[in-house]
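Only one structure is covered here, and it is reproduced in the block below.
The values are calculated or read from the model by the stated rules, or taken from the named source; none is laboratory data. Fair warning: this is a prediction, and the values are worked out from it, not measured in the lab. Note that we place each Cβ from the backbone using ideal geometry, even for glycine, and neighbour counts take in every protein chain shown. Areas reflect the complete protein model, heavy atoms only, side chains present, ligands, DNA and RNA absent. Shrake-Rupley method; radii C 1.70, N 1.55, O 1.52, S 1.80 Å.
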Amino acid sequence: MADMRLPTLRKPLALSVSFFDRKDLVVPGDVITSDTGFMRGHGTYVDEEKLTASVAGEVQRVDKLICVSPLKTRFNGEVGDVIVGRITEVQQKRWKVETNSRLDSVLMLSSVNLPGGELRRRSAEDELTMREYLHEGDLISAEVQSVFSDGALSLHTRSLKYGKLGQGVLVQLSPSLIKRQKTHFHNLPCGASIILGNNGFVWLYPTPAQQEEEAGGFYTSLEPVSISDREVISRLRNCLLALAAHKVLLFDTSVLYCYESSLHHQVKDILKPEVMEEVVLLTQQKLLEHES
């Protein structure tokens, strides 16, 4: 059945003047400052003694250092970042993980919990059974342990909140849209849980009734997911895509407000341009009210 939509008169959006006068957003070639006292950081170059932006993004100042953080980029990980990734290769004593960065990340065998939470040295037997823990195509949540000199990331899953992911939906977004917070694991009141990976990979899954801690992060529930849970997860996925399309920062509050704003629309309608604009506008208004 064809979906026919007639043109409707849209209300003009009242953008504040300050939106156009923002000094912290630059495009390549914009002069950031002509003061020679500042140090040149990433995303900048000096042209005729003026500090100029070489990428489109947000100007960040730390004391005398000025750098530009690009709005669209590959993930540049830092120690402590929470990531969601996919196993791409099993190698000797390590797994290669796709984390949306320039190079594949590394998860060492010594950096994972053994099933049952045993604390001992990894043996040759553990190396032979690596594919029983994680194999190609598995999704995991992990934390960045260190960064190698070439920029590749070393991961670990030693905490029980990290490990293999079970049933759910993966949404791939830009890393610049994920807001850095103390925790990136959230149980939303709508009945689903979300992992907001710093690398732009977001994992949506039904909130488990009880946490399985005996398996050391390798247990995955394969019980059928109810229709109501699937609908909630589908709605959250469409809300994430709508927020990302309008470049709204993603964190637990913005996702929840967007979910609430979309409840009087069907799940499949959320991605229609006019519905998406209405839902995102309501979300932005709620966020402004929440901040004030």
From the C-alpha coordinates alone, can you work out the Kirkwood hydrodynamic radius of the chain, in Å? 21.6
Those cysteines in the chain that have no second cysteine Cβ within a distance under 4.7 Å are 67, 190
Segment 54-147, relative contact order in percent, only Cα pairs under 8 angstrom and at least six apart counted: 31
Pick from 222, 139, 282: which is most flexible by mean-square fluctuation in a GNM of the chain where alpha carbon atoms under 10 Å apart are linked? 222
Could you tell me the distance between the Cα centroids of segment 243-267 and segment 89-132, to the nearest Å? 36
Compute the accessible area per residue over the chain, keeping the other protein chains in place, probe 1.4 Å, unit Å². 59
Between residue 265 and residue 123, 0.36 nm times their residue separation minus their Cα-Cα distance comes to what? 45.6 nm
With each label point set 7 Å from Cα along the Cα-Cβ vector, what nm distance links residue 230 and residue 35? 5.9
Please report the carbon-and-sulfur percent of the accessible area for the chain; probe 1.4 Å, protein heavy atoms only, DNA, RNA and ligands left out. 52
Let a ≥ b ≥ c be the square roots of the eigenvalues of the Cα gyration tensor of segment 132-280; is it rounded (a/c under 1.5), or, if not, prolate (a/b larger than b/c) or oblate? oblate
The answer for the net charge of residues other than residue 201 whose Cβ lies under 11 angstrom from its Cβ, with Lys and Arg +1 and Asp and Glu -1, is 0
Rg and Dmax of segment 25-90, using alpha carbons, in Å: what are they? 15.4, 51
Residue 108 versus residue 282, label points 7 Å from Cα toward the beta carbon: distance in nm? 5.0
Please calculate the 1.4 Å probe accessible area of residue 249, with all protein chains present, and give it to the nearest 10 Å². 80
Structure shown: which of 93/182; 96/164; 164/268; 179/272; 96/161; 179/286 lie over 23 Å apart, alpha-carbon to alpha-carbon? 93/182; 164/268; 179/272
Percent RCO, i.e. relative contact order, over the chain, from Cα pairs under 8 Å lying at least 6 residues apart: 13
Across 98, 78, 127, the residue with the highest GNM fluctuation in the chain (Cα network, 10 Å cutoff) is 127
Test item: Cα-centred dipole of the chain, Lys/Arg +1 and Asp/Glu -1 on Cβ, debye: 220
Evaluate the distance, in nm, between pseudo-label points positioned 7 Å from the Cα of residue 160 and of residue 74 along their respective Cα→Cβ axes. 3.7
